[in-house]
Amino acid sequence: MARSLVDALESKKAEDIVLLDLRGTCLFADYFVICTGSSGRMIGALVEAAAESAEKTQGIRARNEGRPEGGWVLADFGDVILHAFSAEKRGYYELERFWDQAKVVVRIQ
């Protein structure tokens, strides 16, 4: 499922997509998908595309936190968590640095 989210995000022109394998590092998720959107509207479209993909391919609905206008939306798909950021918020929170022990499975620049 994580890879299908990456594909959905890529098709909507997400920027700097990273798929992190957290297995063995984290107890609450197996994967993080992190991406950047150029605006609040774009972040909303990215989360919506990922949610549609997960529902269509896996029958899973996301639980969302945050607002696109705020620069960060977290979409929880169970074992996979999507973080869609503005560039500013992504730089501020530095999730890749915080989870630096996770394996980078995919990085699409």
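The values are calculated or read from the model by the stated rules, or taken from the named source; none is laboratory data. This structure is a prediction, so every number in the text was calculated from the model and none was measured. Note: ideal-geometry Cβ built from the backbone for every residue, glycine included; neighbour counts use all protein chains shown.
Assorted remarks:
- Selection within segment 25-39: residues that are in contact with a strand residue (DSSP E or B) (Cβ under 9 Å, 6 or more places away or on another chain) and in a loop (DSSP other than H, G, I, E, B). The member of this set that is surrounded by the fewest Cβ atoms within 10 Å (Cβ to Cβ) is F28.
- Segment 1-24 - residue that is among the small types (G, A, S) and not in a helix (DSSP H, G or I) and, of those, surrounded by the fewest Cβ atoms within 10 Å (Cβ to Cβ): G24
- Subset of segment 81-102 (residues that are loosely packed, with under 13 Cβ neighbours inside 10 Å and either touching a residue at least 24 places away in the same chain (Cβ under 8 Å) or in contact with a helix residue (DSSP H, G or I) (Cβ under 9 Å, 6 or more places away or on another chain) (or both)): Q101
- Residue check: R97 meets all listed conditions (1) over 22 Å from Q109 (Cβ atoms); (2) modelled with pLDDT under 95 but one, namely (1).
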